[in-house]
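The values are calculated or read from the model by the stated rules, or taken from the named source; none is laboratory data. Everything quoted here is computed from the prediction, not taken from an experiment. Every residue, glycine as well, gets a Cβ built from its backbone with ideal geometry; the counts of neighbours run over all protein chains shown. Heavy atoms of the whole protein, side chains included, go into the accessibility calculation; ligands, DNA and RNA do not. Shrake-Rupley method; radii C 1.70, N 1.55, O 1.52, S 1.80 Å.
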Amino acid sequence: MYMDEERAHEEKEKDPSYGLEDSRTCQIERYYTMEEVEEIEALKNLSHGGFFEPNESVLLDVDEDYFGCESVAESQLMNHQIPWNLIRKIDEYLALLICPKSASQEIQADRIFANIILFLVQNCDFSNGKHSTKYSKQCHTTSFLDKLSKSTVKKFEKKRLLCKSKYIKAKTSFRNILKTILKLTKSQVKALIDVGFCMRTSPRTMTFNEMPFFQVCHGSNIPNESMVIFHSSTQKELDDRMHRLDKILSHPGCPKSKLTTVCRSSRDGYTPRGQFKQIEKRLVKLLRTTGAVDKKSAVVYDEQLLGGPRGWPGRHLAILNKIK
C-alpha cells in the first residue's frame, strides 16, 4: 500500500493530471427541484406570498424565445421553396471544409460566402422561375467552376478558415457547393444569403470541439428532426407578454436578482429573427426599469455571440440590395 502511494506521488509530480478521471467519463450528479409556473399563476403566487423564501437569493435568466419561437428552416428557406435536400447537401460539404474557431472567424466565413454568391448572381443567369435551366453557359463549364473554386479556396486559406483537408478535395467540394447554388432561383439565393452560414454551436459550448460544424445558419429546428412547438407572435402578443413580465419583475414579492443573463437563442434558430431586435431592445429596457438590472450597469455581450452585439439579421443588406 505504501509503495503504491509513493509511486502515485512520483507520477503526480511528473504529470499533475495523473489519477484524475477524464472529464468526459467522470460521472457528476446534481439534484435540484424544478418548478414550472405559468405567468398569470406566477403573479397570483407572488400576491399571496410564500412564493420565495425570505432573503432568498435569485438569479434571473431570460430567454428571448420566451416571446416567440420559429423554425428558420421553414420560415426563411422552405417558404422560398428551397428543397431541403439541397440545404443538406451544402451542410455536408461545409462541415468538412470550413472550421472557424471563433465568432469573428465565423463572420468572416459568412461574408466570403455572401460575396461569392453575389458574384454568381452578377455573372450567371438566375431565373425567377422554378428551377429553370436557363443559366448562362459559362457558369456550367468546368473551367469557370474550377477557376472560381480555386479562388474561393485561396480566400478561405488566407483567413485560415479551412479544415485540415487536402487542397484538391477542398476545390472539388467548393465546386459541388457552387453547382448546388446554381440550381436555385434569384429569390432563393437572396434567402440563402440572408440566413447565412454559421457554426452549429457556440465556441462556449462544452461539446464545441467535438462538433465544430459549419453549416447553413438554419439552427436546430429542422424538418423531421424537431418536436418543438412553433409560434410566431403577433405584435399584440409580444406587447402583452412584455407587460406580464414587467408586472412579475416589478412586483414587491419578487426578489431583486443578484445576476441577470439574457439568452438570444438566435444560433439555434428559436427566437424569431424578424422580431429579435425589437425583443432584445425592449427586454433590456424592461430589465432596467423593473430594477432587475441596475440602471447604471453596462450590458456585457459575450464575444462569441452570433453576429456580435448588433445580431445576425440585417448584416448583408448592402449585398442583398444589389440583387434585383
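Using a ≥ b ≥ c from the Cα gyration tensor of segment 244-324 (square roots of the eigenvalues), is it rounded, prolate or oblate, where a/c under 1.5 gives rounded and otherwise the larger of a/b and b/c decides, a/b for prolate? It is prolate, given that a/c is not under 1.5 and a/b is the larger ratio.
For residue 263 and residue 40, what is the calculated FRET efficiency with R₀ set at 30 Å and r taken between the beta-carbons, to the nearest 0.05?
The formula returns an efficiency of 0.85 here.
Explain nothing, just the number: dipole magnitude of segment 237-324 about its Cα centre with +1 on each Lys and Arg Cβ and -1 on each Asp and Glu Cβ, in debye rounded to the nearest 20. Present the calculation step by step, with values, prior to reporting the outcome.
Details: 19 positive and 9 negative charges, 61 e Å.
Dipole size: approximately 300 debye.
For residue 197, the amide hydrogen comes within under 5 Å of the amide hydrogens of 217, counting only partners 5 or more places away or on other chains and with H modelled in the peptide plane.
The region of the chain that goes longest without hitting one of the GluC sites (Glu not before Pro) in a DSSP loop, each with at most 12 other Cβ atoms within 10 Å, is 57-209. Here r is the Cβ-Cβ distance between residue 79 and residue 140 and R0 is 22 Å; the resulting FRET efficiency, rounded to 0.05, is 0.20. For the modelled label position 7 Å from the Cα of residue 235 along Cα-to-Cβ, which residues of segment 270-300 have backbone nitrogen atoms closer than 16 Å? Once the point is set 7 Å along Cα→Cβ of residue 235, 274-279, 282 turn out to lie under 16 Å by backbone N, inside segment 270-300.
For the peptides 199-206, 184-191, what is the packing order when you average, over each peptide's residues, the other Cβ atoms within 10 Å and list the highest mean first? Write down the numbers at each step before the final one.
Details: 199-206: 16.5, 184-191: 19.2.
Highest to lowest by the protection proxy: 184-191, 199-206.
Amide H contacts for residue 220 (H built 1.01 Å from N in the peptide plane; partners 5 or more residues away or on another chain; cut-off under 5 Å): 269.
Rounded to two decimal places and with Rh computed the Kirkwood way over Cα pairs, what is Rg over Rh for the chain?
Working: Rg = 24.8 Å, Rh = 23.2 Å.
The Rg/Rh ratio comes out at 1.07.
Placing 152, 234, 260 in order of accessible area, with the largest value first and a 1.4 Å probe, yields 234, 260, 152.
Residue ranking by accessible heavy-atom surface, 1.4 Å probe, largest first, among 162, 96, 148 comes out as 96, 162, 148. Modelled this way, with points 7 Å down the Cα-to-C-beta line, the labels at residue 294 and residue 317 are 3.5 nm from one another. Relative to the longest principal axis of the Cα atoms of the chain, the long axis of helix 84-97 makes an angle of roughly 80 degrees.
Sorting the segments 215-222, 241-248 by their mean number of nearby beta carbons within 10 angstrom, highest to lowest, gives 215-222, 241-248.
Overall, the accessible surface of segment 239-321 at a probe of 1.4 angstrom is composed of carbon and sulfur to the extent of 56 percent.
Please figure out what share of the DSSP beta bridges in the chain is antiparallel and state it in percent, rounded to the nearest 5. Present the calculation step by step, with values, prior to reporting the outcome.
On the way: 5 of 10 bridges.
Of all bridge pairs located within the chain, approximately 50 percent are antiparallel.
Put a plus charge on the Cβ of each Lys and Arg, a minus charge on the Cβ of each Asp and Glu, and nothing anywhere else: the dipole of segment 140-208 about its Cα centre is then about 260 debye. Counting only Cβ charges, +1 for Lys and Arg and -1 for Asp and Glu, the dipole size of segment 30-139 around its Cα centre is about 1260 debye.
For residue 205 and residue 187, calculate 0.36 nm times their separation in residues minus their Cα-Cα distance, and state this gained length in nm to one decimal.
So the chain would gain 3.1 nm between residue 205 and residue 187.
Axis angle, to the nearest 10 degrees, between helix 103-123 and the longest C-alpha principal axis of the chain: 30 degrees. Ranked by solvent-accessible area (1.4 Å probe, protein heavy atoms only, all chains present), the residues 273, 160 order from largest to smallest as 160, 273.
Ordering 99, 33, 58 by the projection of their Cα atoms onto the charge dipole of segment 29-105, which places +1 on the Cβ of Lys and Arg and -1 on the Cβ of Asp and Glu, puts 99 at the extreme positive end. Picking from 214, 234, 289, whose Cα lies most toward the positive end of the charge dipole for the chain (charges on Cβ: Lys, Arg +1; Asp, Glu -1)? So the residue furthest toward the plus end is 214.
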